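Undergrad: My questions will all concern the structure given below.
The values are calculated or read from the model by the stated rules, or taken from the named source; none is laboratory data. Bear in mind the structure is a predicted one, so any value in this text is a computation, not a measurement. All Cβ positions, even for glycine, are placed from backbone atoms using ideal geometry, and neighbour counts span all protein chains on display. With ligands, DNA and RNA removed, areas are computed over all heavy atoms of the protein, side chains included. Shrake-Rupley method; radii C 1.70, N 1.55, O 1.52, S 1.80 Å.
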Amino acid sequence: MITLYGAGVGTGIAIGKSYVIDRSQVIVHARNIEPENIASEIAVLEFALRNASGSLKKARDEVPKSAPKEIASFLDAHLMMIEDPMLREVTVEIIRSQLVDAETALMIHRNQIVEIFEQMEDEYLRSKKNDVDQVIRQIQLFMPSAKLRSFETFDENLDGKILVAHDLTPADAVVFMNKKMSAFATNLGSPISHVAILARSLQIPAIVGLHGAIKRIPHDVDIAIDSTKNIVIVEPDETVRIQLENRRLEHDRHQLQLLRLRYLEPRTLDGHEVSLLANVELPTDIESAAKVGTKGVGLYRTEYLFMNRDDSPSEEVQVESYSKVVRALGNVTIRTMDLGADKQVDGGRAQHNVAMNPALGIRAVRFCLHYPDLFLTQLRAILRVSTLGKIQIMIPMLSTLDEIGQVLGIINEAKSELTREGHPYDPAIPIGGMIEVPSAAITADQFAQKLDFLSIGTNDLIQYTLAIDRVDDEVNYLYDPLHPAVLRLIKQTIEAGAKFNKPVSLCGEMASDALYTRLLLGMGLKIFSMDPQAIPEIKHIVRNSAIDQIHPYVQQIFDCLGSAERFKLLLDMNDENSYPAESEVAV
Ligand code: PEP
Ligand code: MG
């Protein structure tokens, strides 16, 4: 039995057989290209070569001094192969002459080299073809479409198994959820990445950022995941299994008790009304949102409808999908697609110009304005369902006021088209924006004047304010919602909304983390939107908090100069009149 540590996602426990997928086993489907795409395919190749060489250099530099010398020489040999100009030149020549994509060209070249090795008489030299394969795989890891194709063709039922992989995108997670995986563990990833958010909403426990997961967890053995304790236990013994089973039962019992709060209002002890709304991603969320008795949806992430398909969803498909959510939950803030960065259309297969910093590139509203036809279709679909309930449109990742002007232009175009065609829609549909880029938070007063409502996306606001990639587990330790810069931006946004009488909600993961509920209440937040699973617990805290008592702590937290002291103050604030056990408050 061994215990491995990573970062837990969700609060669940899962026990099952491991199913290890080594993503380096890439299946490449040859694709012909047009001559005008040669340059972009060469760019894909160069990006992959650069990154493969960078990651090998990093690995070599991190080899412990005590390790045998052969390890560094082995990595050096691979590095030399990657940096060999012939590798690049021959592959580029194949792209040009055979008009194939970079991945296919790389595989053709790989086959040529392997063939030469296979013809060698010397057994030792013949075995060198394995090094070629390892080098090619290292390069392929940085060719996103090749990586994902290996999952596209995945066709096994995982029924209750725990998936172990190098990394998963949100699109992959949906594929594996449909194959019934019960939990997953990945080498990479952070608890705030989109795939982690998706896992929480699907109630799939996961451990991410578990370096060496695919190396250290064998295929098809018993493993257990305990996401609250951030661990994976490989081949747990009987005692540990029993303990985990008991904890799982205890966890379920606790959740059930909290569910009894369903019919109680989220009102503070001193009488402040609070709204606890749900974040929904997939149709399965409708049921969990309804179960906890939410009054509506504060964030409907529509981009999931655009993933894992070869074409973009038609207006009719979108109307059908949105109307299901609206009919079930009534009051829905539909966010226009936030595609790009770690959420690629078509699982990334369509994207060949890999940006160096995708989170700073064509993402969210930038993506929508870049592809106005796709955006217009989505806006038409949203407007068409606007008569079915209380609908608002929310625009993600705004960074300038000009973007609002452009978005409003396309919304007006959609409205005019629908009027001409005789489709009914709500002409006064509120249009709001997400405040998740520091520029927007700093000028939140201006955004508040231009929009009908604001919603603070702390996942991205923290990423962009603290300059840490939210999917990179290596910088996850810097992800700090309590950082004074973050707190000031949140507060400023709440105050801007109050000044211009515009509702402000918070829909990042911070809203579903019980640690921050009192702090946010004390900062004036009245609308929280979160993973439906978290609503009962957050309601419990709201119902046992008095804003007057919270205020002095909030001030101290804002004035505090040390991060450890700040965290201690947060704990003290949560301790103050700490909440009675849920059984005492439950009806
Ligand atoms: C956020 O950034 O906080 C947010 C809610 O949006 P997403 O997590 O989908 O980027
Ligand atoms: Mg965001």
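Undergrad: Return the only residue of Asp469, Asp480, Asp426 being within 16 Å of ligand 2 (Cβ to nearest atom), open to solvent by 40 Å² or more (accessible area, probe 1.4 Å) and either assigned by TED's automatic domain parsing to the domain that holds Ile393 or not in a helix (DSSP H, G or I) (or both).
TA: When all the criteria are applied, what remains is Asp469.
Undergrad: While we're on this one: Please determine, by comparing only the residues of segment 209-223 that are outside any loop (DSSP other than H, G, I, E, B) and within 26 Å of the chain's Cα centre (by Cα), which one is farthest from Asp469 (Cα to Cα). Write out each step before concluding.
TA: The first filter runs over segment 209-223 and keeps only residues outside any loop (DSSP other than H, G, I, E, B), leaving 213-216, 222-223.
Those left that are additionally within 26 Å of the chain's Cα centre (by Cα): 213-216, 223.
On the way: Ala213: 21, Ile214: 23, Lys215: 25, Arg216: 26, Ile223: 30 Å.
Step by step, filter segment 209-223, then rank; the result is Ile223.
Undergrad: Could I ask something else about it? Answer yes if at least one residue in segment 478-500 is polar (S, T, N, Q) and over 20 Å from Met397 (Cα atoms), and no otherwise.
TA: No: segment 478-500 contains no residue that is polar (S, T, N, Q) and over 20 Å from Met397 (Cα atoms).
Undergrad: Would you tally the residues in segment 181-205 being β-branched (Val, Ile, Thr) and more than 16 Å from ligand 2 (Cβ to nearest atom)?
TA: Going through segment 181-205 one residue at a time, the tally reaches 2.
Undergrad: Kindly provide the set of residues from segment 497-511 that are more than 14 Å from ligand 2 (Cβ to nearest atom) and open to solvent by 10 Å² or more (accessible area, probe 1.4 Å), ordered by number.
TA: Ala498, Lys499, Phe500, Asn501, Lys502, Pro503, Val504
Undergrad: Just to check your reading of the model, which residue among Ala48, Ala59 is touching a Phe, Trp or Tyr at 6+ places or on another chain (Cβ under 8 Å) and either among the hydroxyl-bearing types (Ser, Thr, Tyr) or under 20 Å from Val132 (Cα atoms) (or both)?
TA: Ala48
Undergrad: Related question: Hey, can you tell me all the residues within segment 318-337 that are part of a helix (DSSP H, G or I) and either of a type outside the set (Asp, Glu) or within 16 Å of ligand 1 (Cβ to nearest atom) (or both)?
TA: Matches in segment 318-337: Gln318, Val319, Ser321, Tyr322, Ser323, Lys324, Val325, Val326, Arg327, Ala328, Leu329.
Undergrad: Something else: Leu269 is checked against (1) at pLDDT 90 or above; (2) open to solvent by 70 Å² or more (accessible area, probe 1.4 Å); (3) more than 30 Å from Ser455 (Cα to Cα) and fails just one. What number does that condition carry?
TA: Evaluating Leu269 over (1) at pLDDT 90 or above; (2) open to solvent by 70 Å² or more (accessible area, probe 1.4 Å); (3) more than 30 Å from Ser455 (Cα to Cα) leaves (3) as the failure.
Undergrad: Would you confirm whether or not segment 485-506 contains a residue that is within 15 Å of ligand 1 (Cβ to nearest atom), within 30 Å of Gly212 (Cα to Cα) and not small (Gly, Ala, Ser)?
TA: no
Undergrad: Still on this model: Within segment 45-72, how many residues turn out to be of a type outside the set (Asp, Glu) and modelled with pLDDT under 75?
TA: Qualifying residue count for the region: 10.
Undergrad: Could you check Ile429 against (1) modelled with pLDDT of 95 or more; (2) farther than 22 Å from Phe447 by Cα and say which number it fails?
TA: (2)
Undergrad: Moving on. Just name the residue that is most open to solvent (accessible area, probe 1.4 Å) out of those in segment 75-121 that are within 27 Å of Ala39 (Cβ to Cβ) and of a type in the set (Gly, Ala, Ser).
TA: By that ranking, first place goes to Ser97.
Undergrad: Give just the number: which of (1) over 30 Å from Asn51 (Cα atoms); (2) within 16 Å of ligand 1 (Cβ to nearest atom); (3) in the same structural domain as Ala328 (by TED's automatic domain parsing) does Met434 not satisfy?
TA: (3)
Undergrad: Kindly evaluate Asn178 against the criterion of being away from ligand 2 (no atom under 16 Å from the Cβ) and without any contact (Cβ under 8 Å) to a residue 12 or more places away in the chain. Walk me through how you get there before you give the answer.
TA: Working: away from ligand 2 (no atom under 16 Å from the Cβ): yes; without any contact (Cβ under 8 Å) to a residue 12 or more places away in the chain: yes.
Criteria met by Asn178.
Undergrad: For segment 528-537, does any single residue satisfy the condition of being open to solvent by 70 Å² or more (accessible area, probe 1.4 Å) and in a helix (DSSP H, G or I)?
TA: Among the residues of segment 528-537, at least one is open to solvent by 70 Å² or more (accessible area, probe 1.4 Å) and in a helix (DSSP H, G or I), which makes the answer yes.
Listed here are the residues, each with its yes/no results for (1) in a helix (DSSP H, G or I); (2) in contact with a His (Cβ under 9 Å, 6 or more places away or on another chain); (3) in the same structural domain as Ala52 (by TED's automatic domain parsing); (4) open to solvent by less than 30 Å² (accessible area, probe 1.4 Å).
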position: Leu383; (1), (2), (3), (4): yes, yes, no, yes
position: Ile391; (1), (2), (3), (4): no, no, no, yes
position: Glu417; (1), (2), (3), (4): yes, yes, no, no
position: Leu454; (1), (2), (3), (4): no, no, no, yes
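Undergrad: Among the residues of segment 272-289, which ones are assigned to a helix (DSSP H, G or I) and surrounded by 14 or more Cβ atoms within 10 Å (Cβ to Cβ)?
TA: Of everything in segment 272-289, those that are assigned to a helix (DSSP H, G or I) and surrounded by 14 or more Cβ atoms within 10 Å (Cβ to Cβ) turn out to be Asp285, Ile286, Ser288, Ala289.
Undergrad: Only one residue in Asp402, Asp373 is within 27 Å of Ser323 (Cβ to Cβ), open to solvent by 60 Å² or more (accessible area, probe 1.4 Å) and without any contact (Cβ under 8 Å) to a residue 12 or more places away in the chain. Which one?
TA: Result: Asp373 is the single residue among Asp402, Asp373 that is within 27 Å of Ser323 (Cβ to Cβ), open to solvent by 60 Å² or more (accessible area, probe 1.4 Å) and without any contact (Cβ under 8 Å) to a residue 12 or more places away in the chain.
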